[in-house]
Amino acid sequence: MTRSKQPVTAAVAPAFPSAEATDMAQLVEDLDGMLTRLRLGAIREQLDALLEEAARRQLNLREALAWLCAAEVASKEQRRLSMAMTIAHFPFVRTLEGFEFEAQPSIDPAKIRDLATCRWVANGDNVVLLGPPGVGKTHLEVALGREAVSRGYTVQFTTAMELLGSLVKGQQQGTLEVRLAQYSKSKLLIVDELGYLPLEPQAGHLFFQLISRRYEQGSVLISSNRPVEEWDEVFGDQVVAAAILDRLLHHSHVVTIRGDSYRLREKRRSGLFRQQTGGTSPPVPTKEG
Ligand code: ADP
Ligand code: MG
């Protein structure tokens, strides 16, 4: 049978395999090459299985094409997600599903679920998580960060020590500009553990520069064990602390967590500590512990 001399559109019509090229082995090789060139790696790798499945489901050509494209799109999305998670540099994997809200009654689950929609990230708002050690601040930061990544936002996780250490070093070495730019490029910057360790005297100024740069453009999610009233002590400068808080809190959601450390709670359950009788005194080890 001779092929029609009138392709659909002369300019884009592909060269149909000639009689010689219908040799199956050659066709498979050509197709493989074309799929590689088009970067359709998932289709290429699963082609036999996908075609078999399409035949089993008796898909027509259009349906089969959609089925193949869906496999490629799913694979590309999976890759994007895993790359973005790697780039975000989360210290561990934590999810909202894995967060026991019953264990931390001071947190309003509806508030966290609302934050999980990431509308605040879209708007460039900030979130401040406050509370004592072990109450789930880092857990929530990672979980919310992962939600943001899965919604397509760029996320960068760092600790206050690492971030401010880097900026101080940048200032000393004349690379501050580069480092500020590096911490300004993601849509969401997560800064964990502000206030745990003493900061260098110029750290407050540098942090202010970063916050100003990100202000109303990218979001900051920051956690601290110190209430904001004590941030002048954290930064060692009342004026700088006020300027930082002014920008940080302008469009912000503050979540204050009160209550016991989840870690100690787990230990207490296992009998290592006796139940605390109240106040803020440290837990008492039991004889058996
Ligand atoms: P923080 O950052 O406030 O010091 P973390 O988020 O590091 O506390 O929590 C300490 C450990 O306890 C982590 O492994 C975390 O996943 C777990 N954790 C804390 N709160 C909860 C919770 N409500 N539900 C489940 N795990 C929790
Ligand atoms: Mg933490």
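The values are calculated or read from the model by the stated rules, or taken from the named source; none is laboratory data. Quick caveat, the model's predicted, so the values are computed rather than measured. Note: ideal-geometry Cβ built from the backbone for every residue, glycine included; neighbour counts use all protein chains shown. These accessible areas exclude ligands, DNA and RNA; they are computed on the full protein's heavy atoms, side chains included. Shrake-Rupley method; radii C 1.70, N 1.55, O 1.52, S 1.80 Å.
The accessible area of residue 34, taken with all protein chains in place and a 1.4 Å probe, comes to roughly 110 Å². Annotation: the antiparallel percentage among DSSP beta bridges lying fully within the chain is about 5. The alpha carbon centroids of segment 147-209 and segment 222-253 are separated by 15 Å. If you wrap the chain in the convex hull of its Cα atoms and look at it from every side, the mean projected area works out to 25.3 nm².
Need one number: the % of Cα-Cα pairs in segment 26-95 sitting beyond the 19 Å mark. The calculated P(r) of segment 26-95 puts 47 percent of pairs beyond 19 Å. For residue 154, the residues whose modelled amide H falls within less than 5 Å of its own, excluding neighbours fewer than 5 places apart on the same chain, are 187, 188. Near the amide H of residue 221, within less than 5 Å, lie the amide hydrogens of 127, 189, 190, 191, all on another chain or at least 5 residues away, with H placed in the peptide plane.
Each listed q (0.09, 0.12, 0.15, 0.20 Å⁻¹) maps to a log10 I(q)/I(0) for segment 22-157 from the Debye sum over equal C-alpha point scatterers, namely -0.47, -0.67, -0.82, -1.12.
Taking amide H positions as placed in the peptide plane 1.01 Å from N, state which residues far from residue 256 in sequence (5 or more) or on other chains have amide H under 5 Å from it. Amide H neighbours of residue 256, under 5 Å, 5+ apart: 130. The heavy atoms of residue 89 offer some 130 square angstrom of accessible surface to a 1.4 angstrom probe.
Among 225, 60, 126, the residue with the largest mean-square fluctuation in a Gaussian network model of the chain, with springs joining Cα atoms closer than 10 Å, is 60.
With a 1.4 Å probe rolled over the protein heavy atoms of all chains, the accessible area of 266, 45 falls in the order 45, 266, largest first.
Rounded to the nearest percent, how much of the accessible area of segment 155-226 (1.4 Å probe, protein heavy atoms only) is carbon and sulfur? Here carbon and sulfur together make up 52 percent of the probe-accessible area. Net charge in the neighbourhood of residue 132 (other residues with Cβ under 10 Å of its Cβ; Lys, Arg +1, Asp, Glu -1) is +2. Take the chain with all the other protein chains still there, run a 1.4 Å probe, and you get 61 Å² of accessible area per residue. For the residues 99, 157, 90, a GNM of the chain with alpha-carbon springs under 10 Å puts the largest fluctuation on 99.
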